[in-house]
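Below is one structure, written out as structure tokens, with a few remarks after it.
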Amino acid sequence: MKGISLSSCAGDSPLFRNKISFFEDLTEALESRVERIIAICREREEIARREKALNRELAALLEETAIHDLDPEDTEMLEMMESFVSVVQQVEEHRERVLDQRRIGVIQPMESFVKSDICAVKDLMHAFRKANSNTEAAAGKLCQCKRHELTLLSEASLHLHEARRIQHRTALQYVIEMNALHEKKRPELLERVVELLTCEASFHKLCQLQLQEVEGLVGRLFTQTQQIKMMQEEQKKIEESNAKRISDEVCNGM
């Protein structure tokens, strides 16, 4: 997008004011979007930390279950449970690293962009508006002077000249910084998007690798669980048959 011409600062024309107003609206919208992105990243960080805590608690409970509630002689089942717990722990350790990377590579730079670049332009906006107001006030005071009030006319004229000089200098600085901000925003935001996608891809890639390791484990656990259930069903049938036989013998004996 083409910026504001520096030469237009001297004239202070309606076209220049419209251009300034247009870029001020862009700046306000940019700040609002960036701050919302930061807020969402912060919120996702909190959600991830809660999920991490819950997953670690789950891993600890599964570990306790393997120790206290499974057959201690079933070493294969215990080893598989330990492997699954290890996978959960590794995923959460990587999540912690990704959270740090996202904070350093995305959140902190975007916060710095708002404070150092956007807020600097907004400070100049206030200075520019103040300079405009002072110039208008000086022009109004000059117009109020009578023709015969030579001393007052001279002072008012000098005051207006100084106000216009400050206005021009402030407008020039404001336009330079405004143009620089809107030139910088594209590579700055693209870099943050790349960092964000890199963090997300890194985490999900590791999760995928870990889950691939678990696939065989899950298959073996499922097979072994089904075998245990079948054995229990068979045992249940035997016990029910024995119970019926004993019941019949007792009834016949009476």
Find the Cα radius of gyration of the stretch 114-245, compare it with 2.2 N^0.38 Å by division, and give the number to two decimals.
2.81
Exposed loop sites here are GluC sites (Glu not before Pro) in DSSP loop states with at most 12 other C-beta atoms within 10 Å. What is the longest stretch of the chain lacking them?
150-254
Rounding to the nearest 10 and keeping the result within 0 to 90°, find how far the Cα-based axis of helix 14-68 lies from the longest principal axis of the chain.
20
Let me know the Rg and Dmax you get for the stretch 70-128 when you use only its Cα atoms, in Å.
24.3, 80
What residue among LEU142, GLN173, ALA53 has its Cα farthest toward the positive end of the dipole of the chain, where the charges are +1 on Lys, Arg and -1 on Asp, Glu, each on the Cβ?
LEU142
Accessible-area composition of the chain, carbon plus sulfur, in percent [1.4 Å probe]:
56
Convert each backbone phi in the stretch 110-117 into a coupling constant with the Karplus relation 6.51 cos²θ - 1.76 cosθ + 1.60 (shift: θ = phi - 60°), then list the ³J(HN,Hα) values in order as whole Hz, x for Gly and Pro.
5, 5, 5, 4, 5, 6, 8, 10
So for R0 = 25 Å, FRET eff. of GLU28-SER7 from the Cβ-Cβ r, to 0.05, ends up at 0.45
Which angle between 0 and 90 degrees, to the nearest 10, do you get for helix 119-144 versus the longest principal axis of the chain when only C-alpha atoms count?
20
Which residue, THR225, SER7, VAL34, has the largest displacement toward the positive end of the dipole of the chain when charges sit on each Cβ (Lys, Arg +1; Asp, Glu -1)?
SER7
Per-residue ³J(HN,Hα) for the stretch 89-96, Karplus 6.51 cos²θ - 1.76 cosθ + 1.60, θ = phi - 60°, Hz, x for Gly and Pro:
5, 5, 4, 6, 5, 5, 4, 4
Considering the zone a paramagnetic label at GLU64 would reach in this model (a point 7 Å from Cα along the Cα-to-Cβ line), which residues of the stretch 90-117 have amide N under 19 Å from it?
none
How large is the dipole of the chain about the Cα centre if only Lys and Arg carry +1 and Asp and Glu carry -1, each at its Cβ, rounded to the nearest 20 debye?
2740
Give me the percent relative contact order of the stretch 1-104, please, defined on Cα pairs under 8 angstrom at least 6 residues apart.
23
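Go through LYS52/LYS205; LYS115/LYS205; LYS185/LYS205; LYS122/LYS185 and tell me which ones have a Cα-Cα distance over 24 Å in this structure. Mind dumping the intermediate values first?
Numbers: LYS52/LYS205 17 Å; LYS115/LYS205 34 Å; LYS185/LYS205 30 Å; LYS122/LYS185 15 Å.
Checking Cα-Cα distances, LYS115/LYS205; LYS185/LYS205 exceed 24 Å.
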For the chain, the Cα gyration tensor yields equivalent-ellipsoid semi-axes (√(5λ), largest first, whole Å) of 79, 19, 13
Over its alpha-carbon atoms, the stretch 110-190 yields an Rg and a Dmax in Å of 18.1, 63
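So for the chain, averaging the separation of alpha carbon pairs under 8 Å that are six or more residues apart and normalising by length, what relative contact order in percent results? Let's see the in-between values first.
Working: 128 pairs, mean separation 67.3, N = 254.
Answer for the chain is 26 percent.
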Tilt, helix 150-253 to longest principal axis of the chain (alpha-carbon atoms), in degrees rounded to tens, equals 10
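With a probe of 1.4 Å, find how much accessible area the chain has per residue, and write the answer as a whole number in Å².
Here the residues of the chain average 67 Å² of exposed surface.
Grab the DSSP H runs of the chain that are 4 residues or longer, score each as -39,500 (n - 2.57), total them, divide by all residues and round the 222 nm result to the nearest 500 deg cm²/dmol.
On the way: 6 runs with 223 residues, N = 254.
Mean residue ellipticity at 222 nm (helix-derived): -32500 deg cm²/dmol.
The values are calculated or read from the model by the stated rules, or taken from the named source; none is laboratory data. Bear in mind that the values here come from a model prediction, so they are computed numbers and not experimental data. We place every Cβ from the backbone using ideal geometry, glycine too, and count neighbours over all the protein chains shown. Heads up: the accessible areas ignore ligands, DNA and RNA and are worked out on the full protein's heavy atoms, side chains in. Shrake-Rupley method; radii C 1.70, N 1.55, O 1.52, S 1.80 Å.
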